[in-house]
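Student: This is the structure I have questions about; it appears just below.
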Amino acid sequence: MTQAFRIENGGLINKDKKLSFKFNGKTYLGYEGDTLASALLANGVHLVGRSFKYHRPRGFFGAGVDEPYAVVQLYRNGETEPNIKATEQELFEGLEAKSVNCWPSVNFDIGAINNFLRIFLPAGFYYKTFMWPKSFWYRIYEPFIRKAAGLGVASTKHDKERYEHKYEYCDLLIAGSGPSGLAGAYAAAKNGAKVILAEDKPRFGGSLLTSDVTIGNQSGKDWAEGIIAELKTMPNVVVKNRSQIFGYYDHNMLVMSEKVSDHLPSTKKYHPNKRLWYIRAKEVLISSGSIERPIVFGNNDTPGVMLSSAAKEYLKVYGVLVGRKPLVFTNNDSGYETAIEFKKHGVDPVVLDSRKNPESEIIDEAKNLGINIKNSYVVVAAQGYKKVKSADIASISEDKKLLGKIENIQCDCICVSGFWTPTIHLASQSGNKTKFKEEIDAFVPGQSKQNEITLGAASGVFSLEETLKTSFTVGSELSKKITENDNKIAIPNVVEKKSSQHDKFWCVPLPKGKNYKRFLDFQNDVAVSDVEIALREGYRSIEHVKRYTTLGMATDQGKTSNLNGLQLVSEIENKVVPAVGHTTFRPPYTPVSIGAIVGREVGKHSKPTRKSPMHSWHEKNNAVFVDAGVWLRPRYYKRGNENLFEGSKREAKNVRTNVGVCDVTTLGKIDIKGPDAAELLNRVYTNAWLKLPVGKARYGVMLREDGIVMDDGTTTRISENHYHMTTTTAQAANVLSHLEYYLQLVWPELNVNVVSTTEQWAGAAIAGPKSRDLLQKLFPNSDVSNEGLPFMGYMEGDLFGVKARIYRISFSGELAYEVNVESDYGNFMWEKIIEVGEEFNIQPYGTEALSTLRIEMGHVAGSELDGRTIPFDNALEGLVSKKKDFIGKRSLQRSAFIAEDRQRIVGVVPLDKQTSIPEGSHLVKDDKAPLPNPKLGHISASCWSVEYDNPFSLAILKDGKNMIGQKLFAMSPLKNKVIPVEIVSSHYVDPKGERVRS
Amino acid sequence: MLYINCPHCGMRSQNEFSYGGDASVKRPELNKEVSDQEWDNFVYNRKSLRGKHLELWQHISGCRQWIKVERDTATHEIFRTFKADEEVA
């Protein structure tokens, strides 16, 4: 087929460039500038899909964003995307698309049997039917519904496309480039305001592209082109097409999705597929226009029934005739404009006007052209299954209740116009209190809450002259407030044809004895009868009616159906429409790709990656890395074919016997300075800090106000008023905020400053019985003997010319030190430690060995300080001062916290000394007890003790203090394991802590 | 996304801030006898107001100052912002 419905002259497409594309496997030709919809219509293809519920044949209803039918599955450059509107998708060479919601094909669809079962599928069918038997839901109903439902299939492949986010600020954001948007943008731009003008379609101009008007001495379309061309040259203006502003959020933040590459066969290198703009605008001018609404009649979903404005757009923009025997059914003058366009292209339309005797310039023109007009006539029902073949029409009484004799006339399309619905979505999202405007039977924006104003058709003003005048003035006034410029612009003369009043008629009554489906919501198959049922069954709130019937809940969000639904409810309920109210408009206005929302934050970019200065050394030495918060830390250093278990065991063992070195740069570090620093520490930590001498470190625990342990770490007194605090890797940021909170808000009288120095220091922990010997060689000029640098001592040293801080602190439970140097020297320090340590058999060790060492020593870490434990639970009550007050102390008196059988940390060893206990296992008394088996505690951390060469775990256990020696079971339903265990002390190795002091 | 006027830095987007709860809560003084009820009110009990609410925010990705923000919890309107040590009249 060769574009049989394309007209010779006309249209804004590029006929010099032919594009070939495939739809449902068949190849067609179109032109550059087509949409998939216009190209299919040019080839006479009207059947594009099947409806959601009844699988009725569906064609094209609109020509843009409001399209309820033509949703397709798109294939582009090896990728596939569902839920694409054919009316929005621009054609490109090689485009492939398929129909959705049909099987095996759109022409022969098995699901269409639903159409014949439809009397059994009324509103609420699913709610009523799939309730019983209850057990059927998971096995039968749910899988069946899942298979039957849906509009397309999401790709299961990794999305190769790239999506960007952009943040922008402007004085004036303008949504829509129709006459009001152009005028407002132009006036504001001339006043020097920073303007962003967004248009969702590829072409700027909105209604001016299809209307027959004159502005100044140009056609509306040429005027729009001139304005856009000039705006594009202005440095203070950003003009964006293919960009939909879909959400209006708090404080004038709007979000816009820019389709950068969807119109191209493949995305250009380094270009995103879509770009999401977060725009903070001082003022927003909403010029989103209006959408034509349908008149409801029998079988109004038959392919070939479409909005009259869409038919006009296909003709004027794409040069496509949607039919050769059109029937125009209207209640206002817009239908005549479409009829006139048909007539001008040699096609004879028939116009049915529900009004008795309308008079206007447009109607006069139609009459003068000899168009066949039938007044007080309506379409009763469309006839034809996969395409309109004829229409049953009849005269209608003045009260619109009685139909005359039914006649049948031949036609191949029915262009319907039920007047216009302003697009108030953005205004309503902004918090604007919308109001009902009687003259146009629709809601319009009312009282603004944010800095926005709606102009033109979106505000219910359909006169071009008035729109231009207001928009120029508003654009000028708003920008004048911001820039204080006042460049007067002459408002051009407008020639447009005056319209007559539309008819408040929206639904054709059923003729006697006929039970045609009259659809309100075309995508979700909601008919007049469904809403009637919902109301009969007692649903009253429009929000409930919506959810029960699914009216307006499809991907088009009821852009063409909402108002007719409200009309119906108001009629049955005998209320006025504003009393029924409308459902809430929520973002997004149109579907937005998940990829665009996620942006660049995918894969390794989903969070920042922090690396220590020694990272490249770790890499070179076969480190296997693990995510520790945002840090990458070596988990173990692989030797040969070692696995994690073998490697970490070797490293831990080497610490216990020789000496090891671990990168501890990731620990949080906070520099604390000021005369009241000691007082701050004394209030923050549970233990006493006022008497810590200079050159000494102390271990401390800090609580939240609710008594739960927040973090632990050592703090060292560097000099009189200077302390160095360390925190756990994970809590570093929280602890800093915590300190700032108390210093700024609670105790501002304390003269203390805190600042994060995590990134300023590189740290290496040197641990093991030979660590002192190594340290002495690293710092030959320092006295690092047990007397010179005792446990919890601190000194500064010279590491081959680099200033270093040496702390004698230990997490491994061995004799150990932590050496810090400025980050830039981190790698130097590390290499020196390895080099000098060689004679002591030094080995680097990773986080896995680090865990093993601390677990068998009974040192607590994040898995015990899990936001649910108090100092007692961690056997840290010795650090809780009875004398002084501190953050969270009062909470420790809570009855649960002082209960006799309070949970407490214990050690756990499997009776067989073989089976490792999975972390998270529950400890129970009786492994055969019926579920839910009473839980006494849980395994918080597990390791293979290198000291005793058997598994060892830590657990938080109820009444742990009195449970030592008891036999329990560790149960892990997840790993399907039941392990008999014995409870032992959490200090499994060196319980007296002699090694750290040796 | 809210637009918050940091009294130190000016208008900044919400994603630079972190929320800190009710700003009207006063911590009981240190070393003072506090009843269970008083302490519970300080640690746990919050009014969860609908309407004008004085709350704490920290400008964590900016000046790191804790500030007070007077905000309507229903409409998100921000009326005034204060420095940590400013008295709210």
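Student: Please work out whether segment A:667-757 counts as rounded, prolate or oblate from its C-alpha gyration tensor, where a ≥ b ≥ c are the square roots of the eigenvalues and a/c under 1.5 means rounded, while otherwise a/b larger than b/c means prolate and anything else oblate? Mind dumping the intermediate values first?
Tutor: Values: a/c = 1.34, a/b = 1.14, b/c = 1.17.
It is rounded, given that a/c, with a ≥ b ≥ c, falls under 1.5.
Student: Under the definition of Cα pairs under 8 Å and six or more residues apart, what whole-number percent is the relative contact order of segment A:14-109?
Tutor: With pairs under 8 Å counted, the relative contact order is 32 percent.
Student: By counting other Cβ atoms within 10 Å of each Cβ, how are A:Glu292, A:Glu705 ranked from fewest to most?
Tutor: In order of increasing Cβ crowding within 10 Å: A:Glu705, A:Glu292.
Student: May I pose another question? Straight-line reach from A:Lys22: which lysines fall under 19 Å, measuring Cα to Cα and dropping same-chain residues less than 8 apart?
Tutor: A:Lys85, A:Lys98
Student: I've got another one for you. Using the Kyte-Doolittle scale, find the helices of chain A whose mean hydropathy is at least 0.0 and whose Cα atoms extend 18 Å or more along the helix's long axis, counting only whole DSSP H runs.
Tutor: Answer set is empty.
Student: Moving on. With θ set to phi - 60° and the Karplus curve 6.51 cos²θ - 1.76 cosθ + 1.60, what are the ³J(HN,Hα) couplings of segment A:206-218 in order, to the nearest whole Hz, using x for Gly and Pro?
Tutor: x, 5, 5, 5, 10, 8, 9, 9, 10, 10, x, 10, 10
Student: In addition: Apply the a/c threshold of 1.5 to the C-alpha gyration tensor of chain B and tell me whether it is rounded, prolate or oblate.
Tutor: Numbers: a/c = 2.34, a/b = 1.65, b/c = 1.42.
Taking the square roots of the gyration eigenvalues as a ≥ b ≥ c, chain B is prolate.
Student: In terms of modelled amide H atoms, which long-range or inter-chain residues lie less than 5 Å from the amide H of A:Leu352?
Tutor: A:Val328, A:Phe329, A:Thr330, A:Lys374
Student: Give a quick list of GluC sites (Glu not before Pro) in segment A:480-539 that DSSP marks as loop, anything other than H, G, I, E or B, with at most 15 other Cβ atoms within 10 Å.
Tutor: Numbers: sites: A:Glu484, A:Glu496, A:Glu532, A:Glu537; in loops: A:Glu484, A:Glu496, A:Glu537.
Counting only loop positions with at most 15 other Cβ atoms within 10 Å, the GluC sites (Glu not before Pro) in segment A:480-539 are A:Glu484, A:Glu537.
Student: Per DSSP H run of n ≥ 4, the term is -39500 (n - 2.57); total these for chain A, divide by its residue number, and report the mean residue ellipticity at 222 nm rounded to 500 deg cm²/dmol. Walk me through the numbers before you get to the answer.
Tutor: Working: 23 runs with 209 residues, N = 998.
Here the helix-only value at 222 nm equals -6000 deg cm²/dmol.
Student: Shifting gears a bit: Could you pull out the pairs from A:Lys343/A:Lys389; A:Lys435/B:Lys68; A:Lys401/A:Lys437; A:Lys653/A:Lys958 whose alpha carbons sit more than 26 Å apart here?
Tutor: Values: A:Lys343/A:Lys389 20 Å; A:Lys435/B:Lys68 36 Å; A:Lys401/A:Lys437 24 Å; A:Lys653/A:Lys958 32 Å.
Over 26 Å Cα-Cα: A:Lys435/B:Lys68; A:Lys653/A:Lys958.
Student: Here's a follow-up. Please name whichever of A:Phe21, A:Thr80, A:Val48 sits farthest to the positive end of the charge dipole of segment A:14-109, dipole taken about the Cα centre and charges placed at Cβ: Lys and Arg +1, Asp and Glu -1.
Tutor: A:Val48
Student: Under a Cβ-Cβ cut-off of 10 Å, what is the net charge of the residues other than A:Leu644 that fall near it, where Lys and Arg count +1 and Asp and Glu count -1? Present the calculation step by step, with values, prior to reporting the outcome.
Tutor: Numbers: positive: A:Arg635, A:Lys638, A:Lys649; negative: A:Glu642, A:Glu646, A:Glu848.
Residues close to A:Leu644 contribute a combined charge of 0.
Student: OK, next. Just rank A:Ser823, A:Ser940, A:Ser308, fewest to most, by other beta-carbon atoms within 10 angstrom.
Tutor: Values: A:Ser823 18, A:Ser940 24, A:Ser308 28.
Lowest to highest Cβ neighbour count: A:Ser823, A:Ser940, A:Ser308.
Student: Taking amide H positions as placed in the peptide plane 1.01 Å from N, state which residues far from A:Thr434 in sequence (5 or more) or on other chains have amide H under 5 Å from it.
Tutor: Under 5 Å from the amide H of A:Thr434 lie the amide H atoms of A:Gly446, each far enough along the sequence or on another chain.
Student: Under a Cβ-Cβ cut-off of 13 Å, what is the net charge of the residues other than A:Val576 that fall near it, where Lys and Arg count +1 and Asp and Glu count -1?
Tutor: Residues close to A:Val576 contribute a combined charge of 0.
Student: Next question. Which whole-Hz couplings ³J(HN,Hα) result when phi for each residue of segment A:958-970 is put into the Karplus expression 6.51 cos²θ - 1.76 cosθ + 1.60, θ = phi - 60°, listed in order with x for Gly and Pro?
Tutor: 4, 6, x, 4, 9, 9, 4, x, 6, 9, 9, 10, 9
Student: So what is the relative contact order of chain A, in percent, for Cα pairs below 8 Å that sit 6 or more residues apart? Don't skip to the answer; put the middle values down first.
Tutor: On the way: 2325 pairs, mean separation 88.0, N = 998.
Relative CO of chain A lands at 9 percent.
Student: Further question: Give me A:Lys992, A:Lys607 ranked fewest to most by other Cβ atoms within 10 Å of their Cβ, as a rough exposure proxy. Please list the in-between numbers first.
Tutor: Values: A:Lys992 7, A:Lys607 10.
Sorted ascending by nearby Cβ count, the order is A:Lys992, A:Lys607.
Student: Same structure, new question: What is the sum of charges around A:Asp333, taking Lys and Arg as +1, Asp and Glu as -1, for the other residues whose C-beta is under 11 Å from the C-beta of A:Asp333?
Tutor: -4
Student: Follow-up. Counting helices only, and only those DSSP H runs with n ≥ 4, report the 222 nm mean residue ellipticity of chain B as the sum of -39,500 (n - 2.57) divided by its residues, in deg cm²/dmol to the nearest 500. Write out the running numbers ahead of the final one.
Tutor: Details: 1 runs with 8 residues, N = 89.
One gets -2500 deg cm²/dmol as the mean residue ellipticity at 222 nm.
Student: To the nearest 0.05, how large is the calculated FRET efficiency for A:Lys673 and A:Ala733 if R₀ is 22 Å and r is the Cβ-Cβ distance? The partial results should precede the final answer.
Tutor: Values: r = 20 Å, r/R0 = 0.89.
Rounded to the nearest 0.05, the efficiency is 0.65.
Student: Going by Cβ distance under 4.7 Å, what cysteines of the protein assembly as shown have no possible disulfide partner?
Tutor: So far as the 4.7 Å Cβ criterion goes, A:Cys102, A:Cys170, A:Cys411, A:Cys413, A:Cys415, A:Cys507, A:Cys662, A:Cys943, B:Cys63 stand without a partner in the protein assembly as shown.
Student: Sticking with this one: Quick check on my link table: of A:Lys53/A:Lys449; A:Lys26/A:Lys259; A:Lys604/A:Lys975, which ones sit more than 32 Å apart, alpha carbon to alpha carbon?
Tutor: From A:Lys53/A:Lys449; A:Lys26/A:Lys259; A:Lys604/A:Lys975, over 32 Å: A:Lys53/A:Lys449.
Student: Separate question: Which three numbers, in whole Å and largest first, are the semi-axes of the equivalent ellipsoid of the protein assembly as shown derived from its Cα gyration tensor as √(5λ)?
Tutor: 70, 33, 29
Student: Show which aspartates and glutamates lie in cross-link reach of B:Lys52 when reach means a straight Cα distance below 14 angstrom and same-chain residues fewer than eight apart are skipped.
Tutor: B:Asp22, B:Glu70, B:Asp72, B:Glu77
Student: Also: Taking the Cα centre of each part, how many Å lie between segment A:1-50 and segment A:637-696?
Tutor: Measuring centre to centre over Cα atoms gives 70 Å.
Student: Please enumerate, by chain and number, the lysines with C-alpha under 20 Å from the C-alpha of A:Lys221, excluding those fewer than 8 residues away in the same chain.
Tutor: Result set, ordered by chain and number: A:Lys15, A:Lys201, A:Lys232, A:Lys240, A:Lys312, A:Lys316, A:Lys344, A:Lys469, A:Lys497, A:Lys498.
Student: May I ask you to order A:329-342, A:409-422 by the average number of other C-beta atoms within 10 Å around their residues, highest value first? Can you show the working numbers first?
Tutor: Details: A:329-342: 26.9, A:409-422: 24.6.
Per-residue mean Cβ counts within 10 Å order the peptides as A:329-342, A:409-422.
Values in this text are rule-based calculations from the coordinates and carry no lab data. Fair warning: this is a prediction, and the values are worked out from it, not measured in the lab. Using ideal geometry, Cβ is built from the backbone for each residue, glycine included, and neighbour counts are taken over all protein chains shown.
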